[in-house]
Ligand code: AMP
Ligand code: ZN
């Protein structure tokens, strides 16, 4: 897709620190990492967000994370955990689907902060969501 930052990274127009690549995905280092080894798993197809994601690509990426990328991060960086995050629409800076792999280390203080004053009653939320 023209003018898409991650499409340009995938086709090599813009450089990236690529850690893994195959016919389906490119995995490269986030330029502004939350922790050491913060990676982005990006499908080569231009998929905007989870709403237009296909099952095959999704399963492929999660299997790659489980079988290869998390073990790699554990072995090479000695991380003790992994936070997997993926933004859609609001909060999504780059409109080409990507999964954040954020390796976790003791005392990395990496917890997300939400404004808890916006929370409504749990009963009310349950009523809205339950069928
Ligand atoms: P999101 O807010 O989920 O869309 O995340 C976009 C991520 O892309 C951010 O964490 C950025 O640091 C990262 N990013 C932006 N430009 C680049 C780039 N040229 N190379 C690698 N990562 C990038
Ligand atoms: Zn794209």
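Within this structure, residue 34 passes the test of being within 21 Å of residue 113 (Cα to Cα) and either modelled with pLDDT of 95 or more or away from ligand 2 (no atom under 12 Å from the Cβ) (or both). For region 55-86, the set of residues classified as within 15 Å of ligand 2 (Cβ to nearest atom) and over 19 Å from residue 10 (Cα atoms) is empty. The single condition from (1) modelled with pLDDT of 95 or more; (2) not in a loop (DSSP other than H, G, I, E, B) that residue 128 fails is (1).
Hey, any hits in region 44-59 for a residue that's more than 14 Å from the chain's Cα centre (by Cα) and near ligand 1 (Cβ under 9 Å from one of its atoms)? No: region 44-59 contains no residue that is more than 14 Å from the chain's Cα centre (by Cα) and near ligand 1 (Cβ under 9 Å from one of its atoms). Taken over region 1-26, the criterion of being in contact (Cβ under 8 Å) with a residue 60 or more places away in the chain and under 15 Å from residue 99 (Cβ atoms) is satisfied by 6 alone.
Among residues that are modelled with pLDDT of 95 or more, more than 16 Å from ligand 2 (Cβ to nearest atom) and not in a helix (DSSP H, G or I), residue 96 is not included.
Taking the criterion of being touching a strand residue (DSSP E or B) at 6+ places or on another chain (Cβ under 6 Å) and touching a residue at least 24 places away in the same chain (Cβ under 8 Å), would at least one residue in region 104-115 satisfy it? Yes, that holds for at least one residue. Listed conditions (1) surrounded by 13 or more Cβ atoms within 10 Å (Cβ to Cβ); (2) not in a helix (DSSP H, G or I) are all met by residue 107, apart from (1). Residue selection: residue 59 fails the criterion of being part of a loop (DSSP other than H, G, I, E, B) and out of contact with any strand residue (DSSP E or B) (no Cβ under 7 Å at 6 or more places or on another chain).
Considering region 28-71, the residues that are within 24 Å of residue 2 (Cβ to Cβ) and in contact (Cβ under 8 Å) with a residue 60 or more places away in the chain include one that is surrounded by the fewest Cβ atoms within 10 Å (Cβ to Cβ), namely 30.
The values are calculated or read from the model by the stated rules, or taken from the named source; none is laboratory data. Source: prediction; values computed, not measured. Positions of Cβ are backbone-derived with ideal geometry, glycine not excepted, and every protein chain shown enters the neighbour counts.
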